[in-house]
Amino acid sequence: MKKLIAGFTAGLVLGSVLATSALVSGRLSAKAAIVPQANARSESTAKVVLENTRVRVRDVTFPPGVTGMHTHALPHVGIVIQGGTLVFKYPDGKSETMKLEAGGAGFREANVTHEPVNTGSSPVRVIEVELK
């Protein structure tokens, strides 16, 4: 078991170092997996923490308020780091309220367009693992 954990940790560290090196050198671009719509107010922050040919991992923070309409080009799994309530507004006028608990996870298909609204007073933070 210790060997398995050590191997996983070494792979994680190596992957992070390689991705960071590639981003810094300009050989790897953080292509838009999220496509902002016209007039989007992008107040959320997203930092790519790992990217390879199979996945892109982003650390996303949603501050209180509206973050802007956008489209996710890739299917993704979200793991909640700091919870809160997000209301997702859709172009067809529908909305969905999600109470996100730290440690929880969810999945979204590709090509979903929505506008997240953090209705709380604290940021909501999610790790998104986008599947290529």
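Laboratory data are not the source of any read-out in this text; all were calculated from the coordinates shown. Predicted, not measured: the structure shown is a model, and the values here were computed from it. Ideal geometry is used to build each Cβ from the backbone, glycine not excepted, and the neighbour counts take in all protein chains shown.
Return the Rg/Rh value of the stretch 31-131, two decimal places, where both radii are evaluated on C-alpha atoms and Rh is the Kirkwood radius.
On the way: Rg = 12.6 Å, Rh = 13.5 Å.
Ratio of gyration radius to Kirkwood radius for the stretch 31-131: 0.93.
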Tell me, Kirkwood radius of the stretch 78-132 from alpha-carbon pair distances, in Å?
11.9 Å
The answer for GluC sites (Glu not before Pro) in the stretch 40-132 that fall in a DSSP coil and have at most 12 neighbouring Cβ atoms within 10 Å is 101, 109
Derived scalar couplings ³J(HN,Hα) [the stretch 92-97; Karplus, 6.51 cos²θ - 1.76 cosθ + 1.60; whole Hz; x for Gly, Pro]:
7, x, 6, 9, 9, 9
